[in-house]
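Structure record follows, encoded as structure tokens.
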Number of protein chains: 2
Amino acid sequence: MLNQSTALDLMFQALADPSRRIMVERLARGPASVSELARPLTMSLPAVVQHLAVLEASGLVRSQKVGRVRTCRIEPKALRTAEQWIAARRTIWERRLDRLGDYLAAHPEEPKE
Amino acid sequence: MLNQSTALDLMFQALADPSRRIMVERLARGPASVSELARPLTMSLPAVVQHLAVLEASGLVRSQKVGRVRTCRIEPKALRTAEQWIAARRTIWERRLDRLGDYLAAHPEEPKE
């Protein structure tokens, strides 16, 4: 079991590559085989398999081999973990701005004499 | 001006490091000087400056030097861009599951004779 920090390292690292993001986009629309994942990408199948390994190590994607076909699926819980890390920080920042706004509204500038 | 894909590469890459995430967490609570950012981190000031450069190149953080103090701020718009990329893919997946549920509800299994 990975700790939360290592898991976030691997997930953000996995999302930091445009080809891997194309694979995630495809899998968001439903499960796909490795050759279906490879179709829109201009790279060799071994290169696709390597990118898939990075996605699987991060937990964002799972795959299962049945017979000769490996089917890949997205792991929405992992996507949500990465999303929530960012959302939580953005929210802290926005609440801070709201409090600042409230403070300024409650303490209007005194008119100068 | 970076295109959207390169911007996402740099943002997710920037978030893929635990020290840089600690810096983002600190900045979510308000602007900070470089030495304030360095305080919780067990690394040299030059190492902190290098991590800050990665965050700035990604657009997640901005800094401004006034006199001898460089003040760093979070860029909530950039955080939101990264967050929304993930959220959009998760939503596509969840809508797909909802449609599947609707289909199954509308087409109950015929009782076997």
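Observations, loosely collected:
- Scanning segment B:58-113 for residues that are under 26 Å from A:Glu94 (Cβ atoms) and hydroxyl-bearing (Ser, Thr, Tyr) turns up B:Ser58, B:Ser63, B:Thr71, B:Thr81, B:Thr91.
- Residue check, B:Glu25 under 22 Å from A:Arg99 (Cβ atoms) and surrounded by fewer than 19 Cβ atoms within 10 Å (Cβ to Cβ): yes
- Members of segment A:55-69 that are surrounded by fewer than 19 Cβ atoms within 10 Å (Cβ to Cβ) and within 14 Å of chain B (Cβ to nearest Cβ): A:Ala57, A:Gly59, A:Arg62
- Filter result for A:Asp102 (charged (D, E, K, R) and at the interface with chain B (Cβ under 10 Å from one of its Cβ atoms)): no
- B:Cys72, sole failed condition from (1) in contact with a Ser or Thr (Cβ under 6 Å, 6 or more places away or on another chain); (2) of a type outside the set (Phe, Trp, Tyr); (3) in a loop (DSSP other than H, G, I, E, B): (3)
- Selection over segment B:48-94 of residues that are aromatic (Phe, Trp, Tyr) and in contact with a strand residue (DSSP E or B) (Cβ under 7 Å, 6 or more places away or on another chain) gives a count of 1.
- Cβ-Cβ under 9 Å pairs, at least 6 apart or on other chains, segment B:70-98 side more than 8 Å from every other protein chain (Cβ to nearest Cβ), far side of a type outside the set (A, V, I, L, M) and in a loop (DSSP other than H, G, I, E, B): B:Thr71/B:Pro31; B:Cys72/B:Pro31; B:Arg73/B:Gly30; B:Arg73/B:Pro31; B:Glu75/B:Gly59; B:Lys77/B:Gly59; B:Ala78/B:Gly59; B:Thr81/B:Gly59
No value in this document is a laboratory result; all are computed from the given coordinates. Nothing here was measured: the structure is a model prediction, and the numbers come from that model. Ideal geometry is used to build each Cβ from the backbone, glycine not excepted, and the neighbour counts take in all protein chains shown.
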